[in-house]
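See structure below.
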Amino acid sequence: MKIGARARWRAGVVTVAAAAMIGLSAVPAAAHVTVNPKEATVGGYARLTFRVPNEKDNASTVKVEVTLPEDAPFASVSVKPTPGWTAVVEKRKLATPIKNHDREITEAASKITWTADAASAVKPGQFQEFDVSAGPVPEVSQIVFKALQTYSDGEVVRWIEEPKEGAELEHPAPVLKVVPKAAAAASPAAAGNNAASGAAPASSDGGNGWPLGLSIAALVVALAALGLALRGKPASAGS
């Protein structure tokens with residue numbers, strides 16, 4: 001193969017690698033409603049942040065509703081003010097009262113609804129976070145917070161699908177993993193959640209791993225193509 005041909009071949013392979021890298025950067029992130037941090041400790045008070053991204057390019061998010069599960073009630077729930085949004089906490093009577101600081105609790109928060117004023121809706125390409133303090137964390141394996149997201153065009157997206165082993169969900173509900181006190185010391189996320197300093201770093205992937213898988217595959221293709229280019233000319237009968 002002549003020098004010019006070899007250079008053109010290498011340029012072609014590098015172009016393929018570059019295209020793969022562009023594809024890597026174009027893989028969309030999973031923009032689900034999530035709760036952060038992902039873990040909390042039994043018996044502790046958790047600062048929970050519900051992150052709500054706007055997934056539409058022609059409408060804004062004007063209302064967010066988060067349901068607190070009836071089978072895992074919190075004795076205390078308080079909401080941090082979000083500028084431009086009005087928060088309403090609904091309560092329900094408990095079938096079985098719970099104890100908190102030697103007091104019997106007969107009702108608990110059942111739903112939190114945030115409604116935006118005209119200037120504060122979550123616009124396309126933006127997200128909003130809503131902070132809640134809740135506790136004590138009940139002794140369960142996980143807490144599923146089903147959420148509804150209402151857009152300015154009237155569409156309601158229902159983030160209510162509960163996690164299933166090996167299943168990829170289109171509209172997964174935010175899930176908080178609950179760890180026993182004995183395991184909290186070995187879990188930085190859970191330990192940080194109960195600290196007064198606030199929540200652990202947020203993640204927006206909602207537990208959906210397919211964007212990461214596609215990214216890794218694209219990276220492998222790009223590196224393999226680049227490696228071939230750097231090794232030299234390929235086998236050819238005409239070289």
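The values are calculated or read from the model by the stated rules, or taken from the named source; none is laboratory data. None of the values given here were measured: they were computed from a predicted structure. Note: ideal-geometry Cβ built from the backbone for every residue, glycine included; neighbour counts use all protein chains shown. The protein model used for the area step is the full one, side chains on, heavy atoms only, and it has no ligands, DNA or RNA in it. Shrake-Rupley method; radii C 1.70, N 1.55, O 1.52, S 1.80 Å.
Taking the conditions (1) assigned to a strand (DSSP E or B); (2) free of Cβ contacts under 8 Å to residues at least 60 places away in the same chain; (3) open to solvent by less than 20 Å² (accessible area, probe 1.4 Å) in turn, Thr82 satisfies each one other than (1). Asp71 falls short on exactly one of the conditions (1) of a type in the set (Asp, Glu); (2) open to solvent by less than 30 Å² (accessible area, probe 1.4 Å); (3) in a loop (DSSP other than H, G, I, E, B), and that condition is (2).
If the condition is being acidic (Asp, Glu) and either at pLDDT 95 or above or within 16 Å of the chain's Cα centre (by Cα) (or both), then the range 129-185 contributes Glu129, Asp131, Asp153, Glu155, Glu161, Glu162, Glu168, Glu170. Quick one: would you say Ala190 is of a type outside the set (Lys, Arg), modelled with pLDDT under 60 and open to solvent by 70 Å² or more (accessible area, probe 1.4 Å)? So Ala190 fails the test.
The set of residues from the range 126-184 being of a type in the set (A, V, I, L, M) and not in a strand (DSSP E or B) comprises Val137, Val140, Ile160, Ala167, Leu169, Ala173, Ala182, Ala183, Ala184.
Taking the stated definitions as given, is Ile105 among the aliphatic types (A, V, I, L, M) and modelled with pLDDT under 95? The answer is yes for Ile105.
Restricting the range 28-62 to residues that are open to solvent by 30 Å² or more (accessible area, probe 1.4 Å), under 18 Å from the mean Cα position of the chain (by Cα) and of a type outside the set (Asp, Glu), which is modelled with the lowest pLDDT?
Here is the first cut: in the range 28-62, the residues open to solvent by 30 Å² or more (accessible area, probe 1.4 Å) are 28-29, 31, 38-39, 43, 45, 47, 51, 55-58, 62.
Now narrow it down to the ones that are under 18 Å from the mean Cα position of the chain (by Cα): 28-29, 31, 38-39, 47, 51, 55-56.
Those still in the list that are of a type outside the set (Asp, Glu) too: 28-29, 31, 38, 47, 51, 56.
Numbers: Pro28: 40, Ala29: 44, Ala31: 75, Lys38: 94, Arg47: 97, Arg51: 98, Lys56: 96.
Of everything passing the filter in the range 28-62, Pro28 is modelled with the lowest pLDDT.
Restricting attention to the range 96-155 and to residues that are open to solvent by less than 10 Å² (accessible area, probe 1.4 Å) and of a type in the set (Phe, Trp, Tyr), the residue that is farthest from Arg47 (Cα to Cα) turns out to be Tyr151.
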